[in-house]
Amino acid sequence: MTDVLFVCLGNICRSPLMEGITRSRWQAQASASSVSFDSAGIGGWHAGAPPDARAVATAHRHGIDISGQRARKLAISDFQRFDLILCADRGNLEVLQQQRPKNSRAACALFLDWSGARQDGEIPDPYTGDERAFEAVYTLIDLAATGMVQRLHRL
Ligand code: 4NP
């Protein structure tokens, strides 16, 4: 069992899409190994809330339902609960590296980087953007999700 946590700033735009798209790609192919996916935010401003309506609509256009997800704040215990914490941008990664207790279980990395999609790449925050910004985020995450599924198979 591999436990994966996706992290962004608010847990209402990017990380719900990272969770939903990657789970969907993983479930679309048969695998003997099992992987769990969850997401959280660096901040807790939206804790308990569903994903942003624009993120829900973007996923829906691509046949993925993320409307049942609920935001939560990253907890220190997450560094022990998860094998892998993958984040959207370098600001997120800096916070993860600061908060990560020594000897904790989780490895922390940029999602685009770990998946092999883009070395050192970031998924830009679409929160103040328009529908095109969300679509661009979807395209990047879809690329990373495909790379991640391939890499998970090799673990
Ligand atoms: P996310 O986008 O990190 O992709 O979920 C954001 C959502 C909300 C806020 C910032 C980023 N906020 O400041 O409330």
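Computed quantities for the displayed model
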{"item": "Relative contact order (%) - segment 2-154, alpha-carbon pairs under 8 angstrom, separation at least six", "result": "28"}
{"item": "The chain - percent of accessible surface contributed by carbon and sulfur, probe 1.4 Å", "result": "50"}
{"item": "Nearest-20 debye value, segment 45-155 charge dipole, Cβ charges on Lys, Arg, Asp, Glu", "result": "520"}
{"item": "Full-stretch length increase - Ala53, Arg132 - with 0.36 nm per residue and alpha-carbon distance subtracted", "result": "27.0 nm"}
{"item": "Mean accessible surface per residue for the chain, computed with a 1.4 Å probe while every protein chain stays in place, in Å²", "result": "48"}
{"item": "Debye intensity ratio in log₁₀ form over the Cα atoms of the chain, taken at each q of 0.16, 0.17, 0.20 Å⁻¹", "result": "-0.81, -0.92, -1.32"}
{"item": "Chain lengthening between Arg90 and Arg70 when straightened (0.36 nm per residue, less Cα-Cα)", "result": "4.8 nm"}
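The values are calculated or read from the model by the stated rules, or taken from the named source; none is laboratory data. From a predicted model like this one, the values you see are computed outputs, not experimental measurements. No Cβ is skipped: glycine too gets one built from the backbone with ideal geometry, and neighbour counts run over all protein chains shown. The area values use the complete protein model at the heavy-atom level, side chains included, leaving out ligands, DNA and RNA. Shrake-Rupley method; radii C 1.70, N 1.55, O 1.52, S 1.80 Å.
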